[in-house]
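Scroll down for the structure; my scribbles are underneath it.
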Amino acid sequence: MPGPYTIGYGMPSHTHYLWFETKRRQEIIDITDEVESELEKSGIREGFALVSAMHISASVFVNDHESGLWHDILHWLEHTVAPWSPEKYKHNDTGEDNAAAHLRSLTVGHEVIVPVTAGKLDLGPWQRVFYGEWDGQRRKRVVIKILGEM
Amino acid sequence: MPGPYTIGYGMPSHTHYLWFETKRRQEIIDITDEVESELEKSGIREGFALVSAMHISASVFVNDHESGLWHDILHWLEHTVAPWSPEKYKHNDTGEDNAAAHLRSLTVGHEVIVPVTAGKLDLGPWQRVFYGEWDGQRRKRVVIKILGEM
Amino acid sequence: MPGPYTIGYGMPSHTHYLWFETKRRQEIIDITDEVESELEKSGIREGFALVSAMHISASVFVNDHESGLWHDILHWLEHTVAPWSPEKYKHNDTGEDNAAAHLRSLTVGHEVIVPVTAGKLDLGPWQRVFYGEWDGQRRKRVVIKILGEM
């Protein structure tokens, strides 16, 4: 019963970390191909692919590969969800200026589960997986963890 | 070791798609009974039920079966989260008028995981699962995928 | 093949409920140690830990253990996301005054999945798991459910 991705009894799993260091402080990056590629390596045919930011000032979300919409999202985060303005936040007293990035991460979420069916990401026709960097220009990580049956 | 829902080694899973074509452009629909019914078919006793919208202008969420609150949610999405006003958004330049529906999907989320315990959806006393249609009047889908042990 | 956490064929799982009765109506509580402790009891080495509020006026989220930021979150929920003001909401007609707590739960989300790797919660350096009580002063619950391989 042991397979290449199993330690003991249970189900196969596969884990991979993606690293980012964005040039801009806020940026939206399509990571669907990287998730699909890890799924292929895993050999898993039916299950769940968790894609989760390992930082509290970033998001992972599913939406549309359309640059106008990415612009709309960044504008909305600044003008509706949480303006950057560090002076508005108590978190600023710690020397950090990124409270807004935390609130943006809470709103958009930091993780998604993509279903895996017949060895493929079971996404709708326009769905793509994105990393949303809300406080970048430094090294940050996303974990991909796939669980299921081979 | 092979069972009715397994392809190979690992754990049982069960997949089902729900279709919607709402009469109104925005609508909130209770889908708890459909999820429960798929759980029964799966035979899974302990695990996770993923319920995920396959569109980027819709949500799946857990909340209250109360029509006043549904009205409050639709009002809040329009007046606080993201007004429909297509002219405000760059996404409008593509010919689409539904950028607001995308931002609403990002805020409320597009999926939930419901725990499965002793063969039942392990929901709190007032929790129900909803499909939130933010740009309807056309055929759209939700995937239900249940993973666990029988 | 049977193990201590399995009913039948499939994968091991472990379920635990945390109870809360907060003194204040809104409160943010770090529950990472409780989740880690349940993970140890489960014996699961690779998998997913679901942490999910069983109420529609509460959240579970991953963010920063910093009291200034907790203050910022509560202020933001009241002043940006959804003011308490019951008279603004139709849900108020049912005799409930907590519509705002529902909208806050929808925004922040009611659950997270934490990946489990090599027997540990696979969190980034600053990530902690929180219970967000948006309508407390009464007994409420969170379910922890861990699924994976031993």
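The values are calculated or read from the model by the stated rules, or taken from the named source; none is laboratory data. In this text the structure is predicted, and so the values were computed from the model without any measurement. Note that each Cβ is placed from the backbone with ideal geometry, even for glycine, and that neighbours are counted across all protein chains shown. The accessibility values were calculated without ligands, DNA or RNA, using every heavy atom of the protein model including side chains. Shrake-Rupley method; radii C 1.70, N 1.55, O 1.52, S 1.80 Å.
Pairs under 8 Å by beta carbon, first residue in contact (Cβ under 8 Å) with a residue 40 or more places away in the chain in region B:100-127, partner open to solvent by 20 Å² or more (accessible area, probe 1.4 Å) and in a helix (DSSP H, G or I), six or more apart or different chains?
Once the first residue is in contact (Cβ under 8 Å) with a residue 40 or more places away in the chain and sits in region B:100-127, its partners that are open to solvent by 20 Å² or more (accessible area, probe 1.4 Å) and in a helix (DSSP H, G or I) give B:Gly119/B:Glu40; B:Lys120/B:Glu36; B:Leu121/B:Glu36.
Can you name every residue in region C:105-147 that is among the aromatic types (Phe, Trp, Tyr) and in contact with a Lys or Arg (Cβ under 7 Å, 6 or more places away or on another chain)?
C:Trp134
Go through region B:122-144 and give me each residue that's open to solvent by less than 10 Å² (accessible area, probe 1.4 Å), aliphatic (A, V, I, L, M) and within 14 Å of chain C (Cβ to nearest Cβ).
B:Val129
Which fully enclosed helices (runs of 4 or more DSSP H) of region C:3-121 have 2 or more residues being facing chain B (nearest Cβ under 8 Å) and open to solvent by less than 10 Å² (accessible area, probe 1.4 Å)?
Counting at least 2 such residues, we get C:99-108.
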